[in-house]
Amino acid sequence: MTIQSHITGGLIFGAAFTARLILFHFSNITETLGSRIEIVTPVTSFTRLTEGLYLFENGVPPYDGGAFHQAPLLLACFQLLGYLPVIFTKLTFILTDLILAYYLTDITRMKQQLYCHFPRLKVELKTKEIDPWIVAGLYLFNPFTIASCLSKSTIIFTNLSIILGTYYSLKNNKSYGMFWIAMASYLSFYPFMLVLPTILMLINDAESKGKNIKSEIFSCAGLYAGWLSGLLLLSYFLVGSWDFLEATYGVILLLPDLTPNVGLFWYFFIEMFDQFRSFFLVVFQIHAFIFMVPVSIKLRNHPLFSMFLLSGIMAIFKSYPSIGDASLYLAFFPIYSEIIKYMRYNFLTTNIFCYCSILSPIFYHLWIYAGSGNANFFYAITLVYTIGNIILLVDATYAMFRREFDIWNPDLRNYEIIQK
Amino acid sequence: MWQLGRLFLFFLVFIFIVLKFTVAENFHHNDNFKESLTIKPLSDGKLLTHFQFNVRISGIKEGKTFNHYKFFPRAIGQIIQSYNARELHLTFTQGRWNYEDWGYPIAPSAGTGVELWAWLWKDEKLDKNWKSLTNALAGLFCASLNFIDDTITVQPQLSFRPEGSYNATEISTHAELRYGSLPHENVCTENLTPWIKLLPCKSTSGIASLLNGHKLYDSNFHSMSIHVQPVCEDSRCLNKQLEIIQTVSAVVDPVRNSGKRDWSLNQIFGRQLSQACPLAEGSKLEVILPEDCDYKLSPDADDVTHMDGGTNIALYNLKNLQLTTDISMTWKEDIFEYNLNFEQPRIYAHRFFTGYGQERGGIKVNIFNKSPNISVPIIYYDVIPWFLKLYLHTLKVQINGKEVQDNPIKDLYYQPAVDRSRPNVIEAELLLPPNSITTLSINFDKVFLKYTEHPPDANRGFDIGSAVISSTGEIVGDFNYLYDVVTRNCSEDTPRAACYHYSIRVYTETLLVSLPTPDFSMPYNVITLTCTVIALFFGSMFNLLTRGFVALQPNEDNKNKEGKDAAK
């Protein structure tokens, strides 16, 4: 790294920190963002965390009610933070975002090192790879990230855990890698599907080091199970009952709270006929998880890309998605900047994201406050947002495979390529 | 042969005598029935009419069944016994008792709708008993009481203590309280008819014959209730009686019709009082006289009692009354002028919603203490249905619009709601400073309901039952004068109006909240559209993951072309 690159990094992080600190200063901005249903969900809302904390501190069991659905460890952390001045809570969120971005640059560097022996396209030989600081900058200045951070949505801790899990897995640190993925699963359940790509990353060079792959996989899985049960036990001792399982994972899986969000679940299950509710619930949840196996198999040589793909699937098909989830997979995206030239719908997806960001608050206002629109307005926007994300993911996957095809078949460059 | 016949006759006579004695004994100290009608001109020209019917059955051992019914309604007796209830209070109300204009009601009123609370003896099927009790009462009174399910039922911890005689330790170890209210329930003649059928004289004679549905339901406020409770027979409470009190209160407005507050029984009920119920031990009509002296009561009262609080009560014994007498009261004035210095109660409250939009809001309660120099302890009780998600950390208390150091909340019991299974309950013990307005406020999120959970008239909104403010039982300052007239065991001579015992409860307004609604005509569209989007992703991903890329070879291309050319 040169001095110039350090300066770039310093500037980006400094600007991101200052911008967040200044915006945090305006309490009406943070309050507005903290109550937007696109940004916070029942399982990540800071208001609900405050309520849980208040009940916990006043001796009312926090999970014996319908308001609080977050992990007990968050309660403990924020109880400790409560003893410090208010500014520390804000700093926690800002620093979490910055640490996340910092590890993102490290992940980018490691990915570039891993791929430097990988064959490349002829046109790419002359161009430089993306600067890791730019990846961090794209994450830090993504409006979705900023909004999510300012809203004090606790999804940021899940995102940090996933990033740290990826980082340590790429570093081949088995126990830390599995710990952070276990932590992410503990916090919001869905990152469970990231276990497969993480294991793939961890056993990446096992063969070359002459280790037995099977035993490596088993030790990773064992570590994951161990960490996860450790976290659950710790939570049990913290709140003194297993009620939290139902109040956190039960709520994520069974969807009793139908507050709107940017996902597909809420309106579908508001409108669902009672006798089919459980059937579709099972179908939807299985649909979210089912991709973890084929994606990991097909992309076994690119586990970081399957990490991107699976976090994208998570952000679209989880039961309580928010734009904070999208900011995570969009953070992984620039690491694979070389595939962008193969993508066919960049203009369309960009437009869809802009369109949704502008229209979703308007349509929600028309439905809930003005009364001049109905639920279908907002539902339509969530559909468009989902389609935008789907197109982006499918297009990126297509580009990844297409580029690989060209790398392995440079002689077929002038032929028409079709899928068969 | 004739000897056998004589023996048989003798035997018959013997049986007859034995039977007569036992039955007579049973009748002798079993039931007694009293009826009374109280009329009170209110300070804003309206007229409160309050019917009360008491039946007492003596020789009751708690937990033991009884089978002899004389005046005590069998339907209620059987319900009480089969569901193991110790005390039962059921009130049907329409309209709001206007505390600021009317003072406190003579008998406990309730918030609009139906309110049911009961102390049930603890046993393994207590919750089943409560469920059955609501269902049985629903059938008996043609009301939707069966809708009081788990999402509505509450166990108040501080409010709604038993109203009959009770032993605190016995109650806390052997009985449990259940409370449920349906603020949306309409009250009408189909509820009144079964209620009247429980009376010993039905509506054929006595003051119950004045209960005319047309007039009763044409009033500003009406409340109909049944209270079943054990009372002590003697001062040491060795023997207990079971008492059923049936009341109907209605506030009618004579000023609306004539511009004057003059009234007569015929005019307000549209019926004549023919005679007292012959089964009643006492049958009285009382008029609580206003403080001004310009009125004329005709015919003259049998007796006028002076009460401690300065009120006079005119008493008519209906047993001695001439048939078809019309009692009336007239003032010497051409037109009624509204009194602006009306009788204000010491404690009253208003509750309202704050905020706008269908996403979130707040509840605010102003509790007024008008006593000039006495702090009053009260219990605030509020049940908020689960579809409003309360945030306890937003609970704020202000006194006269300012935050205070000395928190007036002395004790707080809070039960957070669970979606689709139980409501939020707030019970707070407050000490209201003298001459103050205490404001409680709390914020909530509105829950998005499934489309099947909305009622057919979804955009009308959901009713939220009244909050209840009750006295704590400690007799403090200004509540004193109310307690003075309240005595548990009334002697025969005291007017009935003076010995109604109840702990004071102030009910706030019921509220109407509108929740965000989905589009009810959309289920199929939503299912198809959402599934299409999911299929779009699944299909494309499946395609990418299972199919590889191949180059379209030029020779194949040419062959195809050649083939086509040949065909031409």
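Numbers at a glance
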quantity	calculated
Over segment A:1-121, relative contact order from alpha-carbon pairs under 8 Å, at least 6 apart, %	22
Reach of residue A:174 by Cα under 30 Å, taken over lysines that are not fewer than 8 positions away in the same chain	A:111, A:209, A:211, A:214, A:298, A:318
Cα-centred dipole magnitude for segment A:299-420, charges only on beta-carbon of K, R (+1) and D, E (-1), debye, nearest 20	80
Pairwise centroid distance, computed over Cα atoms, of segment B:38-73 with segment A:68-147, Å	74
Gyration tensor verdict on segment B:347-482 (Cα atoms; rounded if a/c is under 1.5, prolate if a/b is larger than b/c, oblate otherwise)	prolate
Contact order normalised by residue count of segment B:347-482, Cα under 8 Å, 6+ apart, percent	36
Pairwise centroid distance, computed over Cα atoms, of segment B:409-465 with segment B:214-268, Å	30
Length gained when the stretch residue A:415-residue A:89 is fully extended (0.36 nm per residue, less Cα-Cα span)	111.6 nm
Long pairs among B:122/B:364; B:46/B:240; B:215/B:446; B:64/B:125; A:90/B:410, criterion Cα-Cα beyond 29 Å	B:122/B:364; B:46/B:240; B:215/B:446; A:90/B:410
Number of partner chain Cβ atoms within 10 Å, mean per residue of A:127-139	0
Within segment B:359-397: backbone nitrogen closer than 20 Å to the residue B:338 label point (7 Å, Cα to C-beta)	none
Net charge, residue A:403 excluded, C-beta distance under 11 Å - Lys, Arg +1, Asp, Glu -1	-1
Charged-residue dipole, Cβ positions (Lys, Arg, Asp, Glu), the protein assembly as shown about Cα centre, Debye nearest 20	3260
Residue among A:327, A:337, A:215 with the largest mean-square fluctuation in a Gaussian network model of chain A, springs linking Cα atoms under 10 Å	A:215
Residue exposure sequence - B:418, B:187 - by fewest surrounding Cβ within 10 Å	B:418, B:187
Cα-based shape type of segment A:222-326, given that a ≥ b ≥ c are square roots of the gyration tensor eigenvalues and the cut on a/c is 1.5	oblate
Within-13-Å neighbourhood charge of residue B:226 [Cβ basis; K, R +1; D, E -1]	-3
Local electrostatic count at residue A:209 - Lys and Arg +1, Asp and Glu -1, tallied over other residues with Cβ under 13 Å	-1
Segment A:187-235-segment B:107-142 distance, computed between alpha-carbon centres (Å)	57
Cα shape, chain A, gyration tensor, a/c 1.5 rule	rounded
Cα long-axis angle, helix A:46-57 against chain A (0 to 90 degrees, to the nearest 10)	50
Cβ-based exposure ranking for A:180, B:386, A:242, in which fewest neighbours within 10 Å come first	A:242, B:386, A:180
Rounded tilt (10° steps) of A:3-25 against the dominant C-alpha axis of chain A	20
In Hz, Karplus ³J(HN,Hα) per residue of segment A:245-262 (6.51, -1.76, 1.60; θ = phi - 60°; x = Gly, Pro)	4, 5, 6, 9, 6, x, 5, 5, 7, 9, 6, x, 9, 9, 4, x, 8, 7
Unit charges on C-beta of K, R, D, E only; dipole of segment A:3-412, Debye	1020
Modelled FRET efficiency - R0 41 Å, residue A:236 with residue A:290, Cβ distances, 0.05 increments	0.85
Estimated distance in nm for a label pair at residue A:279 and residue A:209, the labels positioned 7 Å out from Cα along Cα-to-Cβ	5.0
Residue B:300/residue B:204 FRET efficiency (R0 30 Å; Cβ-Cβ; nearest 0.05)	0.60
Principal-axis tilt of helix A:323-332 within chain A, Cα atoms, nearest 10 degrees	20
Fewest-first ranking of A:270, A:22, using other Cβ atoms within 10 Å as the exposure measure	A:22, A:270
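Quick note: the coordinates plus some simple rules give every number you see, no bench work behind them. Quantities reported herein were computed from a predicted structural model and do not represent experimental measurements. Cβ coordinates were reconstructed from backbone atoms using ideal geometry, including for glycine residues, and neighbour counts include every protein chain displayed.
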